[in-house]
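One structure is given below, encoded as structure tokens.
Read the figures in this text as sums done on the coordinates, not as results from a lab. Bear in mind that the values here come from a model prediction, so they are computed numbers and not experimental data. Cβ coordinates were reconstructed from backbone atoms using ideal geometry, including for glycine residues, and neighbour counts include every protein chain displayed.
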Amino acid sequence: MTATLGKDVLLQLQFTPLFSGLQEGDIRDLVAGAVIEAHGHEAQLYAAGDPVERFYVVLDGHVELSIDAEGRRSVVEVARKGTVLGDAAMFGDGRFLMTARALTGATLLAVPAESFLAKLEARFDIITHMLSTMSFRLRMLVRQIAELKLKTTAQRLGSFLLSMVEAEEGAVSVRFPYDKKLVADELGMKPESLSRALAKLAKVGVESKADNVVRIADIERLRDFCVEDDLA
């Protein structure tokens, strides 16, 4: 359905990196003609190499981004609420770099790429702003890659769990948002390595419960563990 940009959707867009800092009127103009799409579990949004006719903003749910390497799917990222999909490809050669599919259902705002780019042509100020936000996201991606190489599997898993925690201290319970195998793929490890990482995290008060629930006894202790340089 064509999106009437309600306050809730507009607020989400204002907090996405691509649109953050823009005036409400500018955002409404840029996404004019956008469509809200609901996709079921494992529904494919687009494949690597497809032309970017529209890009997406994840409003709810999770979207798996993957590439095919030697006939095997490798998960690059699981995009969450607020993530923009396909913007880099739109500004590049106009073809998606990865394949995207919804996980456990996802709601997205699909924005027409052609009209979006046409409106940007006369707004150098917005182009400059978007380039700066994309540069920041690139730096964050480089940081994530560095963490994958430098951190242990237990530290990577601990950081993943902390990313789902809103509290700053104390105890908390979190639930894996999707299948543990997919979490392992996203963190660059095998499923059995994830199980071993969970066992190691038990030493710092992380307890695996039923129904994919994990109990963190002390958030600060886990955070300290995840930034340590040298672990026995």
(message) Suppose each label sits 7 Å from its Cα in the direction of the beta carbon; what would the residue 210-residue 10 distance come out to in nanometres?
(response) 4.7 nm
(request) Averaging sequence separations of C-alpha pairs under 8 Å and six or more residues apart, then dividing by the length of the chain, give the relative contact order as a whole percent. (result) 19 percent
(message) With a cut-off of 8 Å between alpha carbons and a minimum separation of six or more residues, what is the relative contact order of segment 151-227 in percent?
(response) 44 percent
(request) Compute the long axis of helix 153-162 from its Cα atoms, compare it with the longest principal axis of the Cα atoms of the chain, and write down the angle in degrees, 0 to 90, nearest 10. (result) 60 degrees
(request) Can you grab the distance from the C-alpha centre of segment 11-81 to the C-alpha centre of segment 116-194, Å, no decimals? (result) 15 Å
(request) Would you kindly compute the Cα radius of gyration of the chain and its largest Cα-Cα separation (Dmax), both in Å? (result) 19.2, 57
(message) Residue by residue through segment 180-190, what is 3J(HN,Hα) from phi via Karplus (6.51 cos²θ - 1.76 cosθ + 1.60, θ = phi - 60°)? Round to whole Hz and write x for glycine and proline.
(response) 4, 4, 5, 4, 4, 4, 5, 8, x, 9, 7
(message) I need 224, 218, 87 ordered by Cβ neighbour count within 10 Å, fewest first.
(response) 224, 218, 87
(request) Let me know the shape class of segment 94-187, please: from the alpha-carbon gyration tensor, a ≥ b ≥ c as square roots of the eigenvalues, rounded when a/c is under 1.5, otherwise prolate if a/b is greater than b/c, or oblate. (result) prolate
(message) Quick check on the exposure proxy: order 164, 98 from fewest to most C-beta atoms within 10 angstrom.
(response) 164, 98
(request) Go through 15, 124, 76 and say which Cα lies farthest out towards the positive end of the charge dipole of the chain; charges sit on Cβ, +1 for Lys and Arg, -1 for Asp and Glu. (result) 76
(request) Return the subset of 81/190; 119/181; 180/203; 81/203; 151/181; 119/180 for which the Cα-Cα distance in this structure is over 30 Å, preserving the input order. (result) 119/181; 81/203; 119/180
(message) With n ≥ 4 as the cut-off for DSSP H runs, can you work out [θ] at 222 nm for the chain, using -39500 (n - 2.57) per run divided by the number of residues, rounded to the nearest 500?
(response) -11500 deg cm²/dmol
(request) Name the long-range amide H neighbours of residue 55: under 5 Å, sequence gap of 5 or more, or other chain; modelled H, no Pro or chain starts. (result) 111, 113
(message) Counting other beta carbons within 10 Å of each residue's own, what order do 216, 27 fall into, fewest first?
(response) 27, 216
(request) Collect residues whose amide H, placed 1.01 Å from N in the peptide plane, falls under 5 Å from the amide H of residue 77; neighbours closer than 5 in sequence don't count. (result) 65
